[in-house]
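Visitor: Got a structure for you, questions after.
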Amino acid sequence: MKKIMNKICSAFLCMTVLLSLAACGGTQGSGTQGGGTQGGGTQGGGSSVTMREQIFTDGVHVYNYTETNKYVVQNEQSDYKIVLSANPSKYEKLAADELVLLFEEATGVRLPVVEASAITYNESNKVICLAKNDYYLAALETATELSTEGKNLEHDGFMIETVGNGIFIFGDYAEGALFGVYRYLAIEFNFDCYSNIAYRLDRNVKNVTLKDFSVIDVPDYTFRSCGYYHILNAEPTEYRMGFDHGEQYALGSNSAHTIFTHLPKETHQKLHPKWFSTDGTQPCFYARGDEEESEAMLNEMLEVMKGHFKESPDGYFFRIGHADSLTWCACDACKASKEKYGADSASVIIFANKLAEKMDAWLETDEGKPYARDYRITVLGYGPASTLRPPAVKDEVTGEWKPSSPDVVCHDRVMPWYAPLEIDYNYTIFDKKNQEYLDYFKGWDSLSKEMSLYLYSTNYKYFLTPTAFFEQLQGMYQLGAKANGYFVFDLGQRLQSGGVTAWHVFKSYLISKLSWNVNLDIGELTKQFFKGYFGESADAMMKFYTSYRVHAEYTVNHVYAAGVSVYMPLNDVRYWPKNILDQWNGYVEEALSDIEVLKRVNPIAYQQYYDRITLERISLYYLMVELHQNSYSDDFVQHMKLSFKEDCARLGVTVTGELAKLTIDAVLTSWGM
């Protein structure tokens with residue numbers, strides 16, 4: 001999956017220009033937007049971060065375009081049409097719908113959509129052609145620049161090319177046209193999406209020049225998704241943010257822990273007890289050493305997989321994930337495997353390799369050929385350490401990792417899904433505190449040609465308290481991309497069915513950007529987000545956030561107790577002194593004051609910014625009441641409680657953590673409301 005380009009592309013990979021595709025201001029001009037290098041940023045802030053050279057250089061994000069003396073829109077008029085297939089796919093139809101909607105919102109011009117078969121190709125035609133339809137194919141006969149051969153666009157990559165008066169936006173798959181439309185809108189109108197309730201777009205644009213485009217952009221991960229509910233369940237938000245809802249490409253269950261979905265215990269345990277661990281909590285991938293039962297288990301899994309291939313024509317990856325418990329099979333066969341290969345995970349790899357061989361063989365048969373595709377099988381590398389640990393060994397002299405045996409080298413269709421739950425996300429993956437997990441990653445990387453990641457970006461006990469990890473996440477994304485990143489998923493706050501507070505809207509924005517281009521500059525993204533998301537209140541909210549980051553840096557290094565960062569008990573007065581919370585509340589009041597003028601001149605914009613500011617205030621008031629209410633007047637405490645209740649209800653904040661009992665209603669009850 002390496003993104004290897006020709007000479008012209010490699011030149012751009014050396015550039016240090018890192019403007020976002022959706023810059024918050026300024027002119028677009030000509031040249032390159034986006035690049036293959038990070039330009040020397042940090043991986044985090046303060047003493048918890050190590051300055052490092054960029055570790056991933058194969059990204060393809062080339063933006064060449066120059067102004068012409070022609071116009072797509074002139075004096076609020078346009079002769080351009082959108083060309084779409086007569087039978088567009090879901091993604092092609094969405095691409096056209098989004099282009100029509102957002103183009104009209106920016107310019108007041110509603111572009112008509114015509115079928116590709118209804119228009120004869122001529123380079124003088126004023127069209128925006130979406131995807132590889134008949135019109136594109138006709139143009140391709142003479143316009144060789146439209147060819148994608150050898151470009152390695154993967155599943156979601158795209159090109160934007162200008163031929164004559166025509167603009168062509170396309171990829172090797174329909175999704176490429178959709179993501180290309182959003183980047184086209186970013187170039188022309190500074191489009192950027194922050195959440196399900198917020199995006200930026202220039203408006204009242206009277207003139208749009210035709211640009212001579214030569215753009216190619218391929219995401220650093222083939223598939224990208226996250227568990228933040230306000231994105232995952234809010235189409236088209238997920239696409240606007242660069243996610244592809246990778247879960248929909250799963251063959252069968254989209255959970256990480258799939259084994260008992262594929263092989264239900266209630267169906268198989270009585271007839272095939274050896275398929276399961278001695279205590280019944282996990283599978284036994286060796287069927288306890290019984291070769292006949294092992295073959296039967298493989299064949300049953302093959303039938304399950306065949307069924308998903310037939311049912312899911314768009315499915316690409318089949319997941320084999322053990323149960324979410326701290327156990328493993330203790331049979332003699334599993335013990336012997338661990339002794340031989342050095343890790344429990346060897347048994348899963350060997351099983352998956354055999355399954356891939358059987359599936360490949362079936363896809364060559366007359367029955368299987370109609371369902372052939374470029375699929376993958378993922379095996380879950382997940383704690384405890386015995387299952388997170390790969391069957392690989394480290395050369396203590398060179399520091400290089402290698403498989404403990406040829407038996408555990410992954411089949412070309414098999415890859416690890418690395419899920420380091422116990423990593424300390426307060427620090428970059430390269431920090432010495434995380435050396436064990438960096439080693440595990442390198443071990444997995446030595447076994448497979450590709451890598452998928454399952455990451456964590458919040459505290460799962462305390463959704464309403466900020467976490468200290470933001471820019472620290474970038475190193476993990478870069479590391480995965482260097483290992484030929486296939487799929488990246490961040491669990492996020494999947495149970496928070498509405499808004500997310502404590503800077504998690506911003507965090508999910510960072511994740512969306514890094515999932516596509518791991519080398520984007522965090523500082524620039526931060527500025528763009530705050531200016532676009534908070535508008536006139538950006539300065540005050542940036543002061544709030546910056547003060548929080550300084551405080552978090554100090555707290556991580558001097559106050560936090562040891563423990564798993566995503567379960568750290570953050571609801572602790574030691575972490576949130578009253579004077580700090582009061583300072584932050586002052587910034588919130590300043591932000592609200594900054595937008596007060598909008599209440600009269602633009603009440604819709606006022607309410608939008610008010611909601612975004614008070615969404616962050618939910619976290620603040622929660623901490624002030626929970627930890628310091630005895631230090632405030634009764635009237636102010638009551639004000640905070642009522643505001644908290646109203647803001648949560650209006651903005652859809654419903655839970656405070658992953659457990660069912662951790663609800664906003666439970667908090668309000670504890671507050672006597």
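The values are calculated or read from the model by the stated rules, or taken from the named source; none is laboratory data. Note that this is a predicted model, so its numbers are computed, not measured. When we count neighbours, we look across all protein chains shown, and the Cβ atoms used for this are built from the backbone with ideal geometry, even at glycine. Note: areas computed on protein heavy atoms with side chains; ligands, DNA, RNA excluded. Shrake-Rupley method; radii C 1.70, N 1.55, O 1.52, S 1.80 Å.
Visitor: For the stretch 503-552, name all the residues that are on the phi > 0 side of the Ramachandran plot and under 19 Å from the mean Cα position of the chain (by Cα).
Guide: Filtering the stretch 503-552 for residues on the phi > 0 side of the Ramachandran plot gives 503, 535.
Result: Trp503, single match.
Visitor: If you don't mind, another one. Scan the stretch 490-504 residue by residue and report those that are buried (at least 24 other Cβ atoms within 10 Å of the Cβ) and not charged (D, E, K, R).
Guide: Residues of the stretch 490-504 buried (at least 24 other Cβ atoms within 10 Å of the Cβ): 490, 492-493, 496, 499-502, 504.
Those that are buried (at least 24 other Cβ atoms within 10 Å of the Cβ) and not charged (D, E, K, R): Gly492, Gln493, Gln496, Gly499, Val500, Thr501, Ala502, His504.
Visitor: Then there's this: Check whether at least one residue in the stretch 572-584 is under 16 Å from Thr465 (Cβ atoms), open to solvent by 50 Å² or more (accessible area, probe 1.4 Å), at pLDDT below 95 and not basic (Lys, Arg), and report yes or no. It would help to see each step written out before you state the result.
Guide: Narrowing the stretch 572-584 to residues under 16 Å from Thr465 (Cβ atoms): 572-578, 580-581, 584.
Now drop any that are not open to solvent by 50 Å² or more (accessible area, probe 1.4 Å), which leaves 573-574, 578.
Still in the list and also at pLDDT below 95: 573-574.
Going one step further and asking which of them are not basic (Lys, Arg), we end up with 573.
Yes, the stretch 572-584 has at least one match.
Visitor: Still on this structure, I have one more. Please find, among Tyr221, Tyr239, the residue that is in contact (Cβ under 8 Å) with a residue 60 or more places away in the chain, among the hydroxyl-bearing types (Ser, Thr, Tyr) and not in a loop (DSSP other than H, G, I, E, B).
Guide: Working: Tyr221 fails: not in a loop (DSSP other than H, G, I, E, B).
On inspection, the qualifying residue turns out to be Tyr239.
Visitor: Now a separate question. Exactly one condition in (1) in contact with a helix residue (DSSP H, G or I) (Cβ under 8 Å, 6 or more places away or on another chain); (2) under 27 Å from Asp439 (Cα atoms); (3) open to solvent by 40 Å² or more (accessible area, probe 1.4 Å); (4) of a type in the set (A, V, I, L, M) is not met by Ala372; state its number.
Guide: Result: Ala372 fails condition (2) only.
Visitor: Right, here's the next one. Here are some residues: Cys334, Cys329. Which one is more than 19 Å from Tyr440 (Cα to Cα), out of contact with any strand residue (DSSP E or B) (no Cβ under 6 Å at 6 or more places or on another chain), outside any helix (DSSP H, G or I) and open to solvent by less than 20 Å² (accessible area, probe 1.4 Å)? Let's see the steps before the verdict.
Guide: On the way: Cys334 fails: outside any helix (DSSP H, G or I).
Cys329 is the lone residue from the list that is more than 19 Å from Tyr440 (Cα to Cα), out of contact with any strand residue (DSSP E or B) (no Cβ under 6 Å at 6 or more places or on another chain), outside any helix (DSSP H, G or I) and open to solvent by less than 20 Å² (accessible area, probe 1.4 Å).
Visitor: In addition: Taking Ile231 as meeting all but one of (1) part of a strand (DSSP E or B); (2) touching a Ser or Thr at 6+ places or on another chain (Cβ under 7 Å), write down the number of the exception.
Guide: Looking at each condition in turn, Ile231 falls short on (1).
Visitor: Moving to a separate point now. Which of the residues spanning the stretch 345-369 are among the polar types (S, T, N, Q) and surrounded by 18 or more Cβ atoms within 10 Å (Cβ to Cβ)?
Guide: Within the stretch 345-369, Ser345, Ser347, Asn353 qualify.
Visitor: Counting only residues that are open to solvent by 60 Å² or more (accessible area, probe 1.4 Å) and either over 16 Å from Gly166 (Cβ atoms) or assigned to a strand (DSSP E or B) (or both), how many does the stretch 70-81 have? So that I can check it myself, show each step before the final result.
Guide: Initially, the stretch 70-81 is screened for residues open to solvent by 60 Å² or more (accessible area, probe 1.4 Å), giving 70-71, 74-77, 79, 81.
Pick out the ones that are also either over 16 Å from Gly166 (Cβ atoms) or assigned to a strand (DSSP E or B) (or both) and you get 70-71, 74-77, 81.
Final tally of qualifying residues: 7.
Visitor: Could you tell me how many of the residues in the stretch 529-566 are of a type in the set (Phe, Trp, Tyr) and either surrounded by fewer than 16 Cβ atoms within 10 Å (Cβ to Cβ) or modelled with pLDDT under 90 (or both)? Outline the logic, then answer.
Guide: Here is the first cut: in the stretch 529-566, the residues of a type in the set (Phe, Trp, Tyr) are 529-530, 533-534, 544-545, 548, 554, 560.
Of the ones still in play, those that are also either surrounded by fewer than 16 Cβ atoms within 10 Å (Cβ to Cβ) or modelled with pLDDT under 90 (or both) are 554, 560.
Number satisfying all stated conditions: 2.
Visitor: Across the stretch 285-304, what is the number of residues that are in contact with a helix residue (DSSP H, G or I) (Cβ under 7 Å, 6 or more places away or on another chain) and without any contact (Cβ under 8 Å) to a residue 60 or more places away in the chain? Steps first, please.
Guide: Filtering the stretch 285-304 for residues in contact with a helix residue (DSSP H, G or I) (Cβ under 7 Å, 6 or more places away or on another chain) gives 285-290, 293-294, 297-298, 301-302, 304.
Right, trim to without any contact (Cβ under 8 Å) to a residue 60 or more places away in the chain and you get 287-290, 293-294, 297, 301, 304.
Final tally of qualifying residues: 9.
Visitor: Where the second residue is buried (at least 16 other Cβ atoms within 10 Å of the Cβ) and aromatic (Phe, Trp, Tyr) and the first is free of Cβ contacts under 8 Å to residues at least 24 places away in the same chain and on the phi < 0 side of the Ramachandran plot and lies in the stretch 553-572, which pairs have Cβ atoms under 9 Å and are six or more apart or on separate chains?
Guide: Close Cβ pairs satisfying both conditions: Val559/Tyr575.
Visitor: Filter the stretch 491-519 down to the residues that are more than 26 Å from Tyr554 (Cα to Cα) and either among the hydrophobic types (A, V, I, L, M, F, W, C) or not in a loop (DSSP other than H, G, I, E, B) (or both) and list them by number.
Guide: Leu491, Leu495, Ser512, Lys513, Ser515, Trp516, Val518
Visitor: Yes or no: the stretch 613-628 includes at least one residue that is touching a Ser or Thr at 6+ places or on another chain (Cβ under 8 Å), open to solvent by 30 Å² or more (accessible area, probe 1.4 Å) and at negative phi.
Guide: no
Visitor: Follow-up question, since we're still on this one. Of all residues in the stretch 643-671, which are at pLDDT 95 or above, assigned to a loop (DSSP other than H, G, I, E, B) and over 26 Å from the mean Cα position of the chain (by Cα)?
Guide: Within the stretch 643-671, Trp671 is the sole residue that qualifies.
Visitor: Also, quick follow-up: Could you tell me which residue of the stretch 395-420 is modelled with the lowest pLDDT, considering only residues that are of a type in the set (A, V, I, L, M, F, W, C) and open to solvent by 30 Å² or more (accessible area, probe 1.4 Å)?
Guide: Within the stretch 395-420, the subset of a type in the set (A, V, I, L, M, F, W, C) is 397, 401, 408-410, 414-415, 417, 419.
Checking which are open to solvent by 30 Å² or more (accessible area, probe 1.4 Å) leaves us with 397, 401, 409.
On the way: Val397: 90, Trp401: 96, Val409: 98.
My answer is Val397.
Visitor: Continuing with this model, one more query. If you take just the strands (runs of 3 or more DSSP E) that sit entirely in the stretch 82-197, which of them hold at least 2 residues that are farther than 30 Å from Tyr609 by Cβ and open to solvent by 10 Å² or more (accessible area, probe 1.4 Å)?
Guide: 113-115, 158-163
Visitor: Now for a different question. Tell me which residues, restricted to the stretch 630-642, are crowded, with 16+ Cβ neighbours inside 10 Å and assigned to a helix (DSSP H, G or I). Walk me through how you get there before you give the answer.
Guide: So in the stretch 630-642, the residues crowded, with 16+ Cβ neighbours inside 10 Å come out as 632, 637, 640-641.
Answer for the stretch 630-642, where residues must be crowded, with 16+ Cβ neighbours inside 10 Å and assigned to a helix (DSSP H, G or I): Val637, Met640, Lys641.
Visitor: Please pick out the residue among Phe285, Phe276, Phe223 that is open to solvent by less than 40 Å² (accessible area, probe 1.4 Å), aromatic (Phe, Trp, Tyr) and under 30 Å from Phe191 (Cβ atoms).
Guide: Working: Phe285 fails: under 30 Å from Phe191 (Cβ atoms); Phe276 fails: under 30 Å from Phe191 (Cβ atoms).
Of the residues listed, the single one that is open to solvent by less than 40 Å² (accessible area, probe 1.4 Å), aromatic (Phe, Trp, Tyr) and under 30 Å from Phe191 (Cβ atoms) is Phe223.
Visitor: Related question: Sort out which residues of the stretch 242-272 are free of Cβ contacts under 8 Å to residues at least 40 places away in the same chain, open to solvent by less than 60 Å² (accessible area, probe 1.4 Å) and closer than 22 Å to Trp328 by Cβ, and write them in order of number.
Guide: Pro264, His268, His272
Visitor: May I pose another question? Scan the stretch 352-374 and give yes if some residue there is in contact with a Lys or Arg (Cβ under 6 Å, 6 or more places away or on another chain), over 21 Å from Tyr486 (Cβ atoms) and hydrophobic (A, V, I, L, M, F, W, C), otherwise no.
Guide: Checked against the condition, which is being in contact with a Lys or Arg (Cβ under 6 Å, 6 or more places away or on another chain), over 21 Å from Tyr486 (Cβ atoms) and hydrophobic (A, V, I, L, M, F, W, C), the stretch 352-374 yields no hits at all.
Visitor: Still on this model: What number of residues in the stretch 288-323 are surrounded by 15 or more Cβ atoms within 10 Å (Cβ to Cβ) and part of a loop (DSSP other than H, G, I, E, B)?
Guide: Matching residues across the stretch 288-323 total 7.
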